[in-house]
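Structure, as structure tokens:
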Amino acid sequence: MYAVIFGKNPALSEAEFYSFGRRFGLKVRPLESARYWLLFDSSPKIERYFHWLGGALKLVRIVGEDEEAIKDLEYSRLFTVSLYGRSDWRLWRKLGSEIKKAFKAEGPAKFFKPAKTYAMPAELILKGFPDVKDFVFLFREDGSFLVGETVKVTDPFELKKLDVERPVQKPILSIPPRLARIMVNLTEVRRGSFLDPFCGIGTVVQEFVLQGLNAYGSDRDGEQVRAAKKNLAWLRKEFRLKNSAHLEVCDARKLRRCFRQRFDAIVAEPYLGKPLKRYPSRGEAIKLANELDRFYYSVFESFADVLKRNGRVIFVFPAYKLSSGGVYRKERRWLGKLGFEVLGRYTDYEERHRLVRDIHVLRYRG
């Protein structure tokens, strides 16, 4: 039995997690959940594949329930305690002391204090994880709790490297590597040909390559394609990869002219409009969305030319935070007319953002 700890966008992270389970054939069976964690049964293979998750922070192996389970934790000279569902430093110290007492017969032990009542992956890695252990307590509303040990964490340093150490960077305009990884998992396609027809400097395509997928990318801006090639050359050298990607200068509305094969999946964040200087009214948001939809309609017509039947599309449409509060997310019924079935929709944004990513998971019925 395991638990997964989700990141800052738990709804999107949970959707990714289930898609990830199906993608890698992990036989995930949910048992219990709270806002930031999910308890489940799964194939042990999940420990091998966990690092390919973008929206999860930790994988926890559950050892039991309530304080009596503390005796089943594996000894460690240095450890920390992570509480989820409670933010109580007195409780944190009490549980740390209980673990220390349980370890007394095996040797000396001490526990360190994280920045919050739970340790983030970066803190654990810097302290020496996995030799340094992270003991996790998942609290239910009735006060009972599950006890476990973190066995895998995402590596924020790798994700940062993929973003800020590559030769060409566009911090505001390019998609975060974390989100690129989430979107690849949302396809549920494990093997096949993947295309990003708005590749820009190559963030999504680099994720294709990292995962050993048959990778293709295109952009109508030749300068962007040259930048993507530089970044992919850096990626191959830094991560010692043999595979690469096929990149083309191509208008996303005319993909059949550039690619002869059909793709299993398309993953893309297109042009989302000009940067907003203020929060729009609902009327202004509707107008912005309608103007961009004329372009997106032609793009999806082109997708139909190069996708396999039942091929997946993970596509970011723009949504807008409104001056009156709330978010405007347009319903696009024209997708169905073009043969695309909407399987899911998820938002991703920071509080300071005016533009919201409205991530669509689609299947092309052919």
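General observations
- Listed values for segment 196-213 are Karplus-derived 3J(HN,Hα) couplings in whole Hz (6.51 cos²θ - 1.76 cosθ + 1.60, θ = phi - 60°), namely 10, x, 10, 5, x, 8, x, 4, 5, 4, 5, 5, 3, 5, 4, 8, x, 8, and x replaces Gly and Pro.
- For segment 184-250, the percent of C-alpha pairs falling in each 5 Å distance bin, counted from 0 to the bin holding the largest distance, reads 4, 21, 31, 22, 16, 5, 0.
- Accessible-area value, His353, 1.4 Å probe, nucleic acids and ligands omitted, Å²: 60
- Between helix 10-23 and the chain: long-axis angle, C-alpha atoms, 0 to 90°, nearest 10: 80
- Per-residue Karplus couplings for segment 318-333, computed as 6.51 cos²θ - 1.76 cosθ + 1.60 with θ equal to phi - 60°, are listed in order as x, 10, 9, 6, 9, 4, 8, x, x, 10, 9, 10, 6, 8, 10, 5 Hz, Gly and Pro entered as x.
- Solvent-accessible surface of segment 97-207, taken per residue with a 1.4 Å probe and all protein chains present: 44 Å².
- Each part reduced to its alpha carbon centroid, segment 120-195 and segment 34-70 end up 13 Å apart.
- With Cα atoms, 0 to 90° folded angle of helix 89-103 axis to the chain main axis: 60
- Placed amide H near Leu307: partners under 5 Å, 5+ positions off or other chain: Phe263
- Largest to smallest accessible area among Asp66, Asp131, Asp264, Asp358 [probe 1.4 Å]: Asp131, Asp66, Asp264, Asp358
- For segment 127-142, 3J(HN,Hα) per residue [Karplus equation, 6.51 cos²θ - 1.76 cosθ + 1.60, θ = phi - 60°, Hz, x = Gly/Pro]: 7, x, 4, x, 5, 7, 9, 10, 9, 10, 10, 9, 8, 8, 5, 7
- Environment charge at Ala319 (Cβ cut-off 9 Å; Lys +1, Arg +1, Asp -1, Glu -1): +3
- For Arg220, nonlocal amide neighbours, meaning residues 5 or more places apart or on other chains whose placed amide H falls under 5 Å from its own, are Cys250, Ala252.
- Summing charges over neighbours of Val267, with a neighbour being any other residue whose Cβ is under 9 Å away from its Cβ, gives -2 when K and R count +1 and D and E count -1.
- Ranking Thr203, Thr347 by solvent-accessible area of protein heavy atoms (1.4 Å probe, all protein chains present), from largest to smallest, gives Thr347, Thr203.
- Nearest 10 degrees, 0 to 90: helix 222-238 Cα axis against the chain principal axis: 30
- Binned Cα-Cα distance frequencies in segment 317-366 - 10 Å width, integer %: 25, 46, 23, 7, 0
- Ranked by how many other beta carbons lie within 10 Å on average, peptides 282-288, 226-232, 27-33 from highest: 226-232, 282-288, 27-33
- Of all DSSP beta bridges in the chain, antiparallel share, percent nearest 5: 65
- When the solvent-accessible area of the chain is split by element, carbon and sulfur atoms take up 48 percent of it, the probe being 1.4 Å.
- The chain pair-distance distribution - Cα-Cα, 20 Å bins, rounded %: 27, 52, 20, 1
- A viscosity of 1.567 mPa s and a temperature of 4 °C, combined with the Kirkwood radius over Cα pairs in Stokes-Einstein, give a translational diffusion coefficient for segment 123-193 of 83 µm²/s.
- Remark on the chain: Cys199 stand apart, with no other cysteine beta carbon under 4.7 Å.
- Accessible-area value, Asp163, 1.4 Å probe, nucleic acids and ligands omitted, Å²: 50
- Mean residue ellipticity (222 nm) of the chain, computed from DSSP H runs ≥ 4 via -39,500 (n - 2.57), nearest 500: -9500 deg cm²/dmol
- Ligands, DNA and RNA are left out, and with a 1.4 angstrom probe the accessible area of segment 1-57 is 42 Å² per residue.
- A Förster radius of 56 Å combined with the Cβ-Cβ distance from Glu223 to Arg93 puts the calculated FRET efficiency at roughly 0.50.
The values are calculated or read from the model by the stated rules, or taken from the named source; none is laboratory data. Quick caveat, the model's predicted, so the values are computed rather than measured. Cβ atoms come from the backbone with ideal geometry, glycine included; neighbour counts cover every protein chain shown. In case anyone asks, the SASA skips ligands and DNA or RNA and just uses the protein heavy atoms, side chains included. Shrake-Rupley method; radii C 1.70, N 1.55, O 1.52, S 1.80 Å.
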